[in-house]
Each structure stands twice: as C-alpha cells, then as structure tokens.
Amino acid sequence: MGHVDHGKTTLLDYLRKSNVVDEEFGGITQHIGAFSVRLKHGKSITFLDTPGHAAFSAMRGRGARMTDIIVLVVAADDGVMPQTLESITHAADSNVPLIVAVNKCDRPEAEVEACVEELSQHGVLVEELGGDVMAVKISALKGTNIDALQDAIITLSELLDIKADPAGLVEARVIEAKTEPGRGRVATLLIQRGTLKAGNYLVAGTSYAKVKNIYDEHKKVLKAASPGFAVEVAGWKELPSPGQEVLQVENESKMRRVINYRKLQEQKQKQDSEWEEIKEKRKEHDRQHQQRLKLRQDAGLVRYTKHIVKKIELIEASNQPVEDFTPELLLIVKADVDGSLEAITSCLETYDCDLCTLETVSSGVGVVTENDVELARDFNGVVFAFNTKISPQVLKLADDLNVTIKQHNIIYKLIEDVKGLLNKRIPPAV
Ligand code: GDP
C-alpha cells in the first residue's frame, strides 16, 4: 500500500519479473490479482497486486483481514502523503503489521532520514529510531535491496508465527472473477486454510463450484493449492463476487442445501427491503399529500382574501351599505379522510349561483381545532365536520365565539345542509 506514484506498481513489476525465471510456460504471466514469489530457501511470498481493487474495499468494508503483512511503500523524495496516512490507519484498524519500504533511494532528492522521522510522527516507529517496525531502503526501479525486503517479510512472518492449517475444509477469498473463452467461469481465490483440490465442492454467497481445474498465474494446471497461494479456479456455475468468502463443503448434496438456504435468505432479504421501500414511498406520498392539502387551504384563504378585497373595493366605489351586497356562505370543512374531503369539496365546487356566494375558506383532514373555530369567527363562517369528533374544549370555544359547527357522517346530508343554509341567505324574490 502507499501513496500514488510512490512506486507500488514498479515494485510489484520487479518482483513479478524476478519470479519468471523459467520459460517453461512460455513466460506468459497473466494478471490474476495476485502472484507468488518463490524464494531461494524454498519459501514463497504471495503479493496481492491490486490493493485498490473492488475486492479489497469490499473486504475492508466487512472488516475482513486478507493480508498477513502490509508493505507500506513511501517515496524517500516525497515523504508521508495522504494515502500513506490512510494506509497507516488501515493497518492499525485491521491490526495488520507493517513493513516500510522506503523507495526511490536511488534518487538524488531522496531524504531517507527525514522520511523515517516523518513516519515516526505518525505512529510508525522504525527499528533505527528505537521502534519495532522494519524499514528497508530500496529502489524498485533499479531492483536495489529487494532481496532484503523479501527477507524482512519472511523474518516478520516467522517472528509473528504466521501459519495456516493446510488440513481440513478449505477457506478462501475471491480476488477476481471472470468468464473466459475456453475455460468458462473462473475465479482467483486466495487460499486461507485447507488444501484445495480438483473435485472439491465450494460455495461463495449463492454461487457454487465443483472444482474442475486449478491454475497458477502461468496457466499451469496445479494438483492442489495450499494456504497463502492465489490460484485460479474453474468450474463455477455462477460467477462469485470479489471479496466474497469461499467455503468448502463435504459433498454435492450439502452444497445444494447450503445454496438453497442462502437463496431463500437472499429472497427474504430482498422482500424485506422491497417492503421497506414501499413503506417509504407511502410515507413520502402521505407527506406530499399533506403538503398539497395545506397548499389548497392556503389557496382557499387567498381566494377569500381576494373576494374580500373585491368587496371592499365595491363598497368604496358605490358607498352602499354592506347588507346590499350579495349574501355569502363561508365554510370551513374538516373530514376524517382525504377521500371524503375530496368528495365534499368537489360537490361544493359544482355550486353555481349568483344569488349567494359559496366559498370554502379552509378545508382539511382531521378533527376540528380551536384554530378552525377562530377562523370561522374571523370570517363569519360555518364549520362543517364530517365523520370527526369534536372535543368539549372546541365546542365550548365555538359556543363562546358564537360559531356554528355542523356535524355530519353522510355526504349528501351535509350537502343538503349547505344548500339549506344557502337558501336561507338568498333574499326572497320580490
Ligand atoms: P504507484 O502509483 O505507487 O504504483 O507508482 P508507480 O510504480 O507507477 O511509480 C511512479 C513513478 O515513479 C514511475 O515513473 C516510476 O518509474 C517511478 N519510480 C518508482 N519506483 C522508483 C524508484 O525506486 N526510483 C526511481 N528513480 N523512480 C521510481
């Protein structure tokens, strides 16, 4: 890991090239997301060469620990940079030990001491300064000291006694997965436990495989793969996802049972989330609906205000007493649900008569409130309540303010009542 341009790719390329010693397999190394370097003393180190890859972020997100050691690459001519700090934090959070590779030491601008000093200010105290973090000065470009870096990795792994059990059922992680012509669905797996062999049954999420072939990065077919190695595995029925955990199961029937169970769980989760989505949509719909109702109420008030303005203008213009103007019936309508409210208001809107103005000052869903009563008083209106209860306080206030509240639970009776009130207001024909 390390900051961009500090030399990660160059280092991996050097390590990879140094590993292609024989031309036995045509020397074609394919990119499988990881490669193993075989060392002189028979040991191997597997490097994961795509640490910015989706698989790694997915695993980090799940708190899974994929690597035993992090090699932190810091360019000696640039020092500690934002991604250096991120890597340090990641190592600390996931409890993975660090080795520092102080890179670009061949450059005249390299300031190794300053770089190491800077690292110590961020909690990475190298051995030279009395700490316990190994630091190796390298040049990835020139290949200087790469052996020393590999030795440091081996030493640390021995010091920490990093071991994995090659016996028992296989546990692995998906690094990459792809469909390839001629080989079908293949996934690069990092074996973490057990020894993988052809014919093994594997599950990863809801995908599964009967291992057909195991390949290394030179496309060479392997008989088996032990912990610490990354290999390509063919035989998947569906492609697994990068980052997924892979488990071996004893036999085909168990594999099918596990997959069926996981598929059911997945389906259930999907249904649950769909239901949540529906509930959210309903909530949003209700909210918008309430907003529309409020707008309608406000519009009602505006309409009324215009009406009043017009009336005042007329009075001023004609100097006639108010009584001579068209009589009016002003309503405040409250209903239990939106459906009935809409039915009532649309019925009222059909009223068309010049002899008496009919205006809904305010309408809404809910109980009659003290506000409604006060509004009725201010506008000299009548409150119509449909299918809603009226509290004693509201009744008392209405009584005190001399406001009429009419209660109904059948729409046509409410409309009849409104008609009756209108008729009362229309002056008898002369
Ligand atoms: P990455 O972004 O960390 O993968 O960095 P790269 O490996 O792409 O390196 C960035 C640049 O630094 C390239 O131009 C490399 O050639 C150069 N570089 C990497 N390592 C060294 C080194 O050890 N010495 C010198 N002089 N240049 C290096």
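The values are calculated or read from the model by the stated rules, or taken from the named source; none is laboratory data. A quick note: this is a predicted structure, and the numbers were derived from the prediction, not measured. Backbone-built Cβ (ideal geometry, glycine too); neighbour counts: all protein chains shown. Heavy atoms of the whole protein, side chains included, go into the accessibility calculation; ligands, DNA and RNA do not. Shrake-Rupley method; radii C 1.70, N 1.55, O 1.52, S 1.80 Å.
Go through the residues of the stretch 90-99 one by one and say whether even a single one is open to solvent by less than 60 Å² (accessible area, probe 1.4 Å), in a helix (DSSP H, G or I), touching a Leu at 6+ places or on another chain (Cβ under 7 Å) and closer than 25 Å to Leu48 by Cα.
Yes, that holds for at least one residue.
Considering only the stretch 157-165, I want to know if a residue exists there that is touching a strand residue (DSSP E or B) at 6+ places or on another chain (Cβ under 7 Å) and either in a helix (DSSP H, G or I) or within 16 Å of the ligand (Cβ to nearest atom) (or both).
No, the conditions are met nowhere in the stretch 157-165.
With respect to Glu217, is the statement that it is of a type in the set (Asp, Glu), modelled with pLDDT under 95 and under 34 Å from the mean Cα position of the chain (by Cα) true?
No, not satisfied.
For every residue, the table says whether it meets (1) within 45 Å of the chain's Cα centre (by Cα); (2) not in a helix (DSSP H, G or I).
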site	(1), (2)
Leu341	yes, no
Thr345	yes, no
Cys353	no, yes
Val368	yes, yes
Leu375	no, no
Ala385	no, yes
Lys389	yes, yes
Gln393	no, no
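Assigned to a loop (DSSP other than H, G, I, E, B) and under 49 Å from the mean Cα position of the chain (by Cα), is that true of Val361?
Criteria not met by Val361.
Would you check if there is a residue in the stretch 109-118 being modelled with pLDDT of 95 or more, within 16 Å of the ligand (Cβ to nearest atom), open to solvent by 40 Å² or more (accessible area, probe 1.4 Å) and within 20 Å of Gln150 (Cα to Cα)?
No: zero hits.
Give all pairs with beta carbons closer than 6 Å in which a residue from the stretch 407-426 that is surrounded by fewer than 16 Cβ atoms within 10 Å (Cβ to Cβ) meets a residue that is in a loop (DSSP other than H, G, I, E, B); count only pairs at least 6 apart in sequence or on separate chains.
Qualifying pairs under 6 Å: Asn409/Asn387; Arg425/Pro327; Arg425/Cys356; Ile426/Leu355; Ile426/Cys356.
Kindly check whether there is at least one residue in the stretch 373-394 that is open to solvent by less than 20 Å² (accessible area, probe 1.4 Å) and free of Cβ contacts under 8 Å to residues at least 40 places away in the same chain.
yes
Suppose we filter Lys389, Lys406 for residues that are in contact with a helix residue (DSSP H, G or I) (Cβ under 7 Å, 6 or more places away or on another chain), basic (Lys, Arg) and under 23 Å from Gly339 (Cα atoms); which single one remains?
That would be Lys406, the only listed residue that is in contact with a helix residue (DSSP H, G or I) (Cβ under 7 Å, 6 or more places away or on another chain), basic (Lys, Arg) and under 23 Å from Gly339 (Cα atoms).
Cβ-Cβ under 8 Å, sequence separation 6+ or interchain: first residue in the stretch 152-164 and under 12 Å from Asp132 (Cα atoms), partner assigned to a loop (DSSP other than H, G, I, E, B). Which pairs?
Taking only residues 6 or more apart or on different chains, the pairs are Leu156/Ile69; Leu156/Pro97.
Restricting to the stretch 97-108, give me the number of residues that are more than 9 Å from the ligand (Cβ to nearest atom) and under 13 Å from Val136 (Cα atoms).
Summing the residues that are more than 9 Å from the ligand (Cβ to nearest atom) and under 13 Å from Val136 (Cα atoms) in the stretch 97-108 gives 5.
Restricting attention to the stretch 1-58, and to residues there that are modelled with pLDDT under 65 and surrounded by 20 or more Cβ atoms within 10 Å (Cβ to Cβ), which single residue is nearest to the ligand (Cβ to nearest atom)?
For the stretch 1-58, the residue satisfying everything is Pro51.
Can you tell me which residue within the stretch 122-156, out of those that are polar (S, T, N, Q), within 14 Å of the ligand (Cβ to nearest atom) and open to solvent by 20 Å² or more (accessible area, probe 1.4 Å), is farthest from Val96 (Cα to Cα)?
Taking the candidates together, the pick is Thr144.
Given the conditions (1) open to solvent by less than 30 Å² (accessible area, probe 1.4 Å); (2) outside any helix (DSSP H, G or I); (3) closer than 28 Å to Arg287 by Cα, report the number of the one that Val403 does not fulfil.
Checking Val403 against (1) open to solvent by less than 30 Å² (accessible area, probe 1.4 Å); (2) outside any helix (DSSP H, G or I); (3) closer than 28 Å to Arg287 by Cα, the one that fails is (3).
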